[in-house]
Every structure is written in C-alpha cells, then in structure tokens.
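Presented below is the structure to which this report refers.
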Amino acid sequence: GDVEALVARLRGARGGQASAAVAELATAAWVDESLHAPLAEAGALPLLVALLRSTDAAAQESAAVALGKLAMDVGAGIRPRIVDVGAVPALVALLCSGTEDVKACAAFALGWLSPEAPTRALIVAAGALAPLVAMLRSGTDVGKRWAVGTLAWLTRDTPNLTLIADAGALPVLVTFLSPSQACPTGRSTCCTLRRLAMNERLRELALEHGTAGVLAVAAHASGCEWADSARAALRALCPTQGDAERALGALQLKVGALSAERDASSHLENSAVRAERDALAK
C-alpha cells in the first residue's frame with residue numbers, strides 16, 4: 001500500500017533522492033494521522049534517524065519534522081520507539097551543528113518527545129540545554145518558539161532548573177514577554193519562568209532581571225491571550241506581599257531610569273541642534 005511504498009522509496013533513496021523521499025513521507029505523516037502507526041511498523045523510524053545523521057540539510061529537516069509529527073500521536077505509542085532507535089542524541093547533535101532551519105526542526109521534534117520524564121533525562125544528558133538556550137538568543141523566530149517550548153517541558157524536572165538558568169536563559173526569556181496577541185512564545189515562556197521560580201535563588205535572579213514588572217504588564221494587558229499564564233508566573237515570583245512591593249519598587253526605579261535617559265537624550269539632541277544652528281549662523 002501507500003505506507004509500504006513510502007518506506008520503500010525512503011529505504012532505496014540515494015544521494016539527492018533521499019531529501020525528496022523523506023519530504024514525501026513527512027508530508028504524508030503530517031496530513032494523515034492514520035498512517036503513523038503503519039509507518040512505524042513498516043520500519044520508517046530507524047530510516048528517519050539515519051537521515052538525521054546525514055549531511056543533507058533538507059533531508060535532516062524533513063526527517064526531524066516527520067519524527068516530531070509521529071511523536072505527537074500519543075495514542076499510537078510511537079514516542080518510546082522513536083527514542084529506542086537513537087533519535088535523541090541525533091537530534092541534539094543537530095541542535096549544535098545544523099543550519100538554523102535544521103536546528104528549529106530538531107527542537108520541534110525534541111519538544112514532542114519531552115512529555116516523558118525518562119526521555120527528558122536523555123535529552124539533558126545528551127547536552128541539549130546549552131544549544132537550546134543559544135537558540136533563544138540567535139535562532140530563527142520558529143526556532144526560538146520551539147526552543148522555549150522544549151525548555152518548558154525540561155523545567156518539569158527540578159535538577160534542570162539551575163542548569164537552564166546557569167546557561168543564561170533568564171534574561172533572554174524576559175525579552176520574549178510581549179503582551180501582544182501575536183507573541184507565540186508567551187505561554188511557554190511564562191510556564192518556564194513559573195517553574196524556575198520554584199528555586200529560591202532563581203526566583204531572586206528573575207526578580208533582579210525585572211521579570212515581575214513585565215509579567216504584570218502582560219497579566220493586565222487587554223486582549224493578551226496568555227494573561228492567565230502571566231498571572232500564574234507572577235504569583236510564583238511574588239508569593240508574599242513583601243516580594244510584590246520589592247518588585248514594584250524595582251519597576252518604578254527602572255521606569256524612572258528610562259525616563260531620565262530619555263530626557264538626557266532629548267537634551268543632547270537639542271544641544272546638538274543649537275550648536276549646528278550657531279555654526280551655520282557664523
């Protein structure tokens with residue numbers, strides 16, 4: 001049938017044919033969930049993992065997308081089988097060495113493999129945290145979205161909280177908190193921050209970065225789709241009245257500093273204009 005033909009083409013593909021064959025399979029898996037279990041039974045999983053290890057970026061992208069889509073199908077029980085054929089270390093390797101688009105696809109697949117705790121442990125052990133945090137800083141918009149989502153899953157395990165923060169995630173995550181409805185990372189970012197706040201040292205660090213003030217804006221922004229997540233993260237960061245007052249004070253100081261900086265900038269601009277005008281008058 002169609003499944004056997006798809007897998008046969010993937011198995012027999014050579015050179016440039018591989019990227020076309022895996023793209024066809026990935027598309028089929030994306031549009032027809034009834035093919036997921038049959039594809040796994042027909043031997044697609046080890047073939048997809050082998051393509052992750054190839055040097056063809058297009059094939060790597062499609063293989064990662066196919067594995068991520070298959071992992072989304074909870075009912076088919078495919079996630080552990082994907083892990084068993086060695087997908088995790090191959091995907092993490094792509095986070096480190098792939099193109100930006102390949103990295104985004106690898107983060108997508110890892111995110112959908114992350115709901116199971118044993119797999120999360122494998123992902124961390126394979127060295128995923130540092131490249132995921134690096135994607136927050138310099139990845140594509142899609143890559144950032146999937147990196148945040150995967151990190152949100154990884155914060156479910158307490159030992160990972162410090163590791164993620166020590167990799168430099170906190171200040172970058174704060175920059176993702178725009179109350180705009182178009183902010184696709186808002187909910188995942190709030191979830192990550194809420195769990196990081198479970199660690200007292202990290203909670204203090206998050207407050208130092210002005211996280212509470214940004215969350216407060218989002219929590220009360222009209223039309224913000226993830227305002228509920230912002231409120232939950234804010235409660236975790238400021239569990240006492242004293243914490244809330246301290247966060248408010250820090251926010252007021254920040255606003256005052258920004259206002260002073262704007263006034264100083266305006267003063268310098270006016271001085272420059274006057275100096276130029278005087279020079280022309282001479």
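The values are calculated or read from the model by the stated rules, or taken from the named source; none is laboratory data. Just so you know, these numbers come straight off a predicted model, no measurement behind them. In this analysis, Cβ positions are derived from the backbone assuming ideal geometry, glycine residues included, and neighbour counts consider all displayed protein chains. Each accessible area value is taken on the protein alone, full model and side chains, heavy atoms only, with ligands, DNA and RNA left out. Shrake-Rupley method; radii C 1.70, N 1.55, O 1.52, S 1.80 Å.
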- Task: Take the stretch 195-211 and flag every residue that is of a type outside the set (S, T, Y), part of a helix (DSSP H, G or I) and under 8 Å from L237 (Cβ atoms).
- Result: R203, A206, L207
- Inside the stretch 2-29, can you point out the residues that are open to solvent by 50 Å² or more (accessible area, probe 1.4 Å) and either in a helix (DSSP H, G or I) or at positive phi (or both)? D2, E4, A8, R9, R11, G15, Q17, A20, E24, T27
- Query: What is the number of the single condition among (1) under 14 Å from the mean Cα position of the chain (by Cα); (2) outside any helix (DSSP H, G or I) that I164 does not meet?
  - Reply: (2)
- Query: Out of A109, A134, which single residue is without any contact (Cβ under 8 Å) to a residue 24 or more places away in the chain and either of a type in the set (V, I, T) or within 24 Å of L170 (Cα to Cα) (or both)?
  - Reply: A134
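Table: residues versus (1) charged (D, E, K, R); (2) more than 19 Å from the chain's Cα centre (by Cα); (3) over 21 Å from R9 (Cα atoms).
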| residue | (1), (2), (3) |
| --- | --- |
| A58 | no, yes, no |
| L70 | no, yes, no |
| I78 | no, yes, yes |
| A90 | no, no, yes |
- Task: Pairs only if they're at least six apart or on different chains, beta carbon under 6 angstrom, first in the stretch 90-102 and among the acidic types (D, E), second open to solvent by 20 Å² or more (accessible area, probe 1.4 Å); list them, first residue then second.
- Result: E100/T140; D101/E61
- Query: If we scan the stretch 76-87, do we find a residue that is in contact with a Cys (Cβ under 8 Å, 6 or more places away or on another chain) and more than 18 Å from D32 (Cβ to Cβ)?
  - Reply: no
- Just for the stretch 168-194: of the residues that are closer than 15 Å to L234 by Cβ and in a loop (DSSP other than H, G, I, E, B), which one is modelled with the lowest pLDDT? P179
- Note on the structure: Among residues of the stretch 193-233 being hydroxyl-bearing (S, T, Y) and over 18 Å from A165 (Cα atoms), the residue least open to solvent (accessible area, probe 1.4 Å) is S229
